[in-house]
Amino acid sequence: MTDTSLGINKIGDLANPTRFLALSARLLPWMVAITAGLFAIGLYMGFTSEGDYQQGDTVRIMYVHVPSAWLSMMCYTVMALSAIGTLVWRHPLADVSHKAAAPLGAAFTLIALVTGSLWGKPMWGTWWVWDARLTSVFVLFLMYLGLIALNRAMDDASKAARLSAVLILVGFVNIPIIKFSVDWWNTLHQPASVMRLDGPTIHPEFLWPLLVMAIAFTLLFFTLHTMAMRNEIWRRRISAQRRMAARQAGRETVAGVAT
Amino acid sequence: MTHAFYVYGSYVATALILFGMIAWVWLDGRARQAELKALEAAGIRRRSAAAQTRETE
Amino acid sequence: MRLCAENLSARRGEDLLFLNVSFQLESGGALLLTGANGSGKSTLLRVVAGLLQPESGRVQCQIDDGSEMRPVPELSHYLGHKNGMKRELTVGENLDFWKRYLGDTSPGRSLAVEEAADAVGLSGITHLPYGYMSAGQQRRFAMARLLVAHRPIWILDEPTAALDAKADLMFANLVKQHRQGGGIVLAATHQPIGLQDAQQIVMQGFVYSDLEIAE
Amino acid sequence: MRLCAENLSARRGEDLLFLNVSFQLESGGALLLTGANGSGKSTLLRVVAGLLQPESGRVQCQIDDGSEMRPVPELSHYLGHKNGMKRELTVGENLDFWKRYLGDTSPGRSLAVEEAADAVGLSGITHLPYGYMSAGQQRRFAMARLLVAHRPIWILDEPTAALDAKADLMFANLVKQHRQGGGIVLAATHQPIGLQDAQQIVMQGFVYSDLEIAE
Amino acid sequence: MMALFLRDLKLSIRSGGGALIGVLFFMTVVAVIPFGVGPDLNLLSRIGPAIVWIGALLSALLGLDRLFQAERDDGALDVILMQDTPLVMTVFVKCLAHWVATGLPLVIASPLLGLFMNMSEIAIGAVAITLLIGSPAITFIGAAGAAVAVSLPRGGLLVSILVLPLAIPVLIFGVSATYAAVEDPAPFLPPFLILSALTLFFAVLGPLAAALALRNATD
Amino acid sequence: MMALFLRDLKLSIRSGGGALIGVLFFMTVVAVIPFGVGPDLNLLSRIGPAIVWIGALLSALLGLDRLFQAERDDGALDVILMQDTPLVMTVFVKCLAHWVATGLPLVIASPLLGLFMNMSEIAIGAVAITLLIGSPAITFIGAAGAAVAVSLPRGGLLVSILVLPLAIPVLIFGVSATYAAVEDPAPFLPPFLILSALTLFFAVLGPLAAALALRNATD
Ligand code: HEM
Ligand SMILES: Nc1ncnc2c1ncn2[C@@H]1O[C@H](COP(=O)(O)OP(=O)(O)OP(=O)(O)O)[C@@H](O)[C@H]1O
Ligand SMILES: Nc1ncnc2c1ncn2[C@@H]1O[C@H](COP(=O)(O)OP(=O)(O)OP(=O)(O)O)[C@@H](O)[C@H]1O
Ligand SMILES: [Mg+2]
Ligand SMILES: [Mg+2]
């Protein structure tokens, strides 16, 4: 697609939404294929590995719980990075990026909450306790929903993007709280055993399926994120075209009245 | 398998949420593309095209 | 129809702003209020619109067919300094609300929302939020409110503030049409708005301060 | 002093309202913006006042003595469609607040509150709550804000809306005095306000719709 | 009237006062409580009804004070006052719309929050029912306060003194009816009937007072 | 700056009634809890500090959402944004004024409520001190939300949702410092210092975020 009109040259090449659409169209099939493959491998490994001597088969919940919990935080981090892009460089793709990521983050957080509850019932004997880790994840979920609501409450897309960027950055305080809540408050929840400075302490029997599933989840996120960004770009183009059409129509009738 | 309900329950829940997500993104994309096509069919062009026609006027 | 105001006086704070103002307007008539800032133009209009209790006197309205008097407020449109539209809603939603809420008292004489927008020269952008309009556009859509629900009496407080020259003309036309259709117009203004043939009252402001504590 | 605006463009929503507007004003200079409703006058003024990010271009100001450029906003008064006064406080409290808050950048050139009220022809009622003023009186006190704290640049958006003929004259005088004292005035208006000798820009409105998401 | 109802609904949904947001706010408040009180499930279930009721009161108060002020600020109040539909009706409809947009979602969400607070089924049901019956009363009282707030240029303090004391009985009977439902010896019906009577009483008194205040508010 | 501080104080006393409605709401919340918990004085005194803190948190949020909206509605925000005094400072001063008008009365009222809740002298003192130190943090966080709400026509509740999660740490440390003061083994100072640190942190972060949001909200 050649685009030589006004205003384009000043924007970086990669930033061009048109470029992004073209590039992502080429990449997406590959991403989908690799994600599907990894999920197949991960699920196979997950269900053929042995159960834990303490936790029994419930340890298999880990293979969905932990990746989705990680992703719920990573998604927010991606949004925070995009938010910086929005505020500092006023990058249109950054706007689109954090807007598109919010529903995905909410979904992954919901998965972490649901699977965590399903794991908690056999392990702790209750679906839900108000401990620091669980509550901070719940708060993260609320923050995702709040951001979605904020984006829907404003019609001016770029202003909505800048304001939610501010809130995203302020809310980033919550991420370290989630991550380190198990260390700061003594809780029921498991302390970190994979993502540690001194290397993972988890048994390799569980580590490998977990890692594969984690990569699969991450790729799934990026695939969906790319797709959602494309949708958002299209949505904005459509509304811009509608506006222009309406304006032209308005001009014609006004001109007709004037003559 | 011990605790089958919880294990399968969590996998099913995950699958439901994920497929819901995927379906939403996918269908949204389809709808947007359809709208774009409809607009193009209605003769509304992108800016570059519009700018060129204005120059030739 | 005929609008009669008899011996109106009104007070703002403790000061009497005008004393025993009377006027009569027939169908198609118009009244133009002029005077310095703070002389009581808006106050008089608000008294006529029933939004302020007068100190003395009363305003009434007589419909042609029957002989009963009817209160003025429900037969009137009041366009004050503020536009009465919500910035969160689109222009169309705003106008549609007023159309429904005000109701159609004399069927067939109200315009549809798009027609009204067309009449004020701004069709095609009724789908935008009202808050996105420029000051003049907002004022013009506030005028469209007068058109979507027909009322025989228009009470206008500085209607053309913020309007450009073309819109001034458009508005003068609207007023003319309304009067030709038997309507009555009362307007306070600092600018000529094409009401040269109207009755005119020049407000003087501040009649006397009532030093008796006599309220 | 000199005010330079270079290649200003601005966007509202997604639409470009003007493209590459440039102008230069020397001490005592004035710029008059005219154009139809919704053509972007207020938008241009808000860009100059630093309240809206321009799409391209910049506005700068050069003080006579030094050669450094200074940002315009802090040297300017902006009088928009809204008056920026609290209706709960008295006029005096309002003006006093602005006087203190805005500070006296060039000592000795600001008026005291009562003097400013006098200059807009409304001395003696500064003890009343602002909400009790008539529309024109409110506007005149908003102008008094420009006087209680001296700023060399005045950015005025339809300043004379709601003013009566005498106040129009009074305001034209204020502007003249300000310019004679070396000030710069930018005004958007639909009415002649005694700026016949000013530079003039006629806004056209709506340059083109940018379909790229390219802000 | 229907038009006014729909517009007010639209306004509160469009601009961030609507169903989703009320519920979210409610959830946030409830999520905050265990942090203060500690994760003692027993205790939580005991104070649960009170917390849910307080949350409802708070969210009702947050948006109410601008019910008429917003109309005055943009001039719509003038037009509304001029119509020949009785002003009491108009106020009543505005209250209804406000309640549907913010009160009803709270009632619907309250069972979920009851679960969070580890409340028993009976308590959950009782909270939902008492909220359903009692929350309109808060809206009606608040409307009177909001109308007075419009008329007094500087009388804000008076409003709060007026409104909250009147809302306290509602809160007290709502909460005590809920507890009566849970604990056997105390009968549920008497406080519940008082609550209903309060709501009916305020449904008449609130709009009447508000209309009176509005009529005298114009300036 | 002083002028802004004084004006805001004057405004909130003269019109909003923020101070009094806050205190009244606070009292209502605290007065209702005994209904839930029953007349068990021991239990009351145990959960007392938590309840007082939660009540203060919720009432501090009342009225915060219009901190900047009122300025936008009458155009004063435009003038404020144009000044060369750093916007962060302006926001900070506005927060201070709001805190003095609504937060400080809460702190002053808290000992009274502590008596209601049958708390010991030490606990009452601890609550008052932690509130004094901790409540500004809530105002500062809320300011960021209020600044975002400026461009939302009526975003009061939405803002609270976004703001409340951030207030949770303040609540946690405030309450735990109070408990530490009462129960011997736990030391008072560490949570109290963390609370002070939080306040300082939000005193920087809140105004910064608010200034950023205000700059981006202009239209
Ligand atoms: C609703 C309840 C739960 C929530 C919201 C939740 C949340 C989280 C989060 C956010 C993480 C990522 C932590 C990090 O990266 O450091 C995580 C990890 C983990 N969770 Fe949960 N969890 C829940 C319940 C459970 C239960 C019941 C168990 C098992 C008894 C469990 C076991 C684990 C394990 C083993 C990890 C991995 C820790 C690591 O290796 O870093 N979780 N959870
Ligand atoms: N906040 C906003 N968001 C989006 N679009 C806006 C906004 N404010 C104004 N616009 C649009 O920008 C255009 C120019 O508005 P502007 O206020 O600059 O016009 P103006 O020349 O001052 O008109 P007037 O003479 O009526 O005051 C209008 O078409 C208007 O619809
Ligand atoms: N709410 C009020 N309370 C007390 N006095 C008021 C109030 N509103 C206006 N006044 C006073 O009443 C007088 C007349 O005001 P009014 O608004 O009628 O003037 P006006 O002729 O419309 O002026 P303008 O041309 O400025 O609009 C003014 O002196 C004003 O100070
Ligand atoms: Mg007037
Ligand atoms: Mg304008």
Magnitude of the Cβ-charge dipole of the stretch E:2-218, K/R +1 and D/E -1, about the Cα centre, nearest 20 debye?
-> 340
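Could you sort C:E114, B:E40, D:E93 by their accessible area in this structure, using a 1.4 Å probe and putting the largest first?
Values: C:E114 90, B:E40 120, D:E93 45 Å².
Of C:E114, B:E40, D:E93, the descending order of accessible area is B:E40, C:E114, D:E93.
Which percentage, to the nearest 5, of the DSSP beta bridges contained in chain D is antiparallel? Walk me through the numbers on the way to the answer.
Details: 18 of 36 bridges.
Within chain D, antiparallel bridges account for around 50 percent of the total.
Given +1 on the Cβ of Lys and Arg, -1 on the Cβ of Asp and Glu, and no further charges, what dipole in debye does the protein assembly as shown carry about its Cα centre, rounded to the nearest 20? If you can, show how the numbers build up before the last one.
On the way: 86 positive and 91 negative charges, 340 e Å.
So the dipole magnitude of the protein assembly as shown works out to roughly 1640 debye.
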Starting from the Cα of A:K99, draw a straight line to each of the lysines and keep only those under 21 Å, dropping any in the same chain fewer than 8 residues away.
-> A:K159
Output ³J(HN,Hα) for the stretch E:45-55: one whole-Hz value per residue in order, computed from phi by the Karplus curve 6.51 cos²θ - 1.76 cosθ + 1.60 with θ = phi - 60°, and x for Gly and Pro.
-> 5, 6, 8, x, x, 4, 5, 4, 5, 5, x
Computed over chain E, the relative contact order (Cα-Cα under 8 Å, seq sep at least six) in percent reads 27
Under 11 Å, Cβ to Cβ, from C:L33 - net charge with Lys/Arg +1 and Asp/Glu -1 | -1
Under the Karplus relation 6.51 cos²θ - 1.76 cosθ + 1.60, θ = phi - 60°, what is the ordered set of whole-Hz ³J(HN,Hα) values for the stretch C:109-125, x standing for Gly and Pro?
-> 9, 8, 8, 6, 4, 5, 4, 5, 4, 5, 5, 8, x, 9, 5, x, 10
Lys and Arg at +1, Asp and Glu at -1: neighbours of F:A3 with Cβ under 15 Å from its Cβ sum to +2
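With each run of n ≥ 4 DSSP H residues scored as -39500 (n - 2.57), what mean residue ellipticity at 222 nm is computed for chain D after dividing by its residue count and rounding to the nearest 500 deg cm²/dmol?
On the way: 5 runs with 57 residues, N = 215.
That comes out to -8000 deg cm²/dmol.
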In the full protein assembly as shown, how much of C:D64 is accessible to a 1.4 Å probe, in Å² to the nearest 10?
-> 120
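Taking only protein heavy atoms and a 1.4 Å probe, what accessible area per residue, in Å², does the protein assembly as shown have with all protein chains in place?
Working: 45840 Å² over 1184 residues.
Counting only protein heavy atoms, the per-residue value for the protein assembly as shown is 39 Å².
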With the 8 Å Cα cutoff and a minimum separation of six or more residues, chain C has a relative contact order in percent of 32
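Can you list which of the GluC sites (Glu not before Pro) found in the stretch D:1-53 are DSSP loop residues with at most 15 other C-beta atoms within 10 Å?
Loop-located and lightly packed - none at all.
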Spatially proximal lysines relative to D:K166 (Cα-Cα < 29 Å; intrachain offsets below 8 disregarded) = C:K41, C:K82, C:K166, C:K176, D:K41, D:K82, D:K86, D:K99, D:K176
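Exactly which chymotrypsin sites (Phe, Trp or Tyr not before Pro) in the stretch F:56-147 are in a DSSP loop and have at most 13 other Cβ atoms within 10 Å? Write down the numbers at each step before the final one.
Working: sites: F:F68, F:F92, F:W99, F:F116, F:F140; in loops: F:F68.
Passing sites in the stretch F:56-147 do not exist.
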Report the local net charge at E:P207: Lys and Arg +1, Asp and Glu -1, summed over other residues whose C-beta lies under 13 Å from its C-beta.
-> +2
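Taking every DSSP beta bridge with both residues inside the protein assembly as shown, roughly what % is antiparallel (nearest 5)?
Working: 38 of 74 bridges.
Antiparallel bridges: around 50 percent, rounded to the nearest 5.
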HN-Hα couplings for the stretch C:139-144 via Karplus (6.51, -1.76, 1.60; θ = phi - 60°), in whole Hz with x for Gly/Pro, come out as 5, 5, 5, 5, 5, 4
How many square angstrom of accessible surface are buried between D and F, both sides summed, with a 1.4 Å probe and rounding to 100?
-> 2300
Checked against the positive end of the charge dipole of the stretch D:2-209 (+1 on Cβ of Lys and Arg, -1 on Cβ of Asp and Glu, about the Cα centre), the farthest of D:S39, D:G57, D:G121 is D:S39
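To the nearest 100 Å², how much accessible surface do chains A and D cover up together, summed over both, with a 1.4 Å probe? Don't skip to the answer; put the middle values down first.
Working: alone 15310 and 10780 Å², together 24430 Å².
Protein heavy atoms only, the A-D interface buries about 1700 Å².
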Can you list the residues, at least 5 places off or on another chain, whose amide H is less than 5 Å from the amide H of D:A161, using H built in the peptide plane?
-> none
Amide H to amide H, which residues 5 or more places from C:S110 or on other chains are under 5 Å from it, using H placed in the peptide plane?
-> C:H150
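The values are calculated or read from the model by the stated rules, or taken from the named source; none is laboratory data. The model shown is predicted, which means the values in this text are computed figures rather than measured ones. Cβ: placed from backbone, ideal geometry, glycine included. Neighbour counts: every protein chain shown. All accessible areas refer to the heavy atoms of the entire protein, side chains included, with ligands and DNA or RNA removed. Shrake-Rupley method; radii C 1.70, N 1.55, O 1.52, S 1.80 Å.
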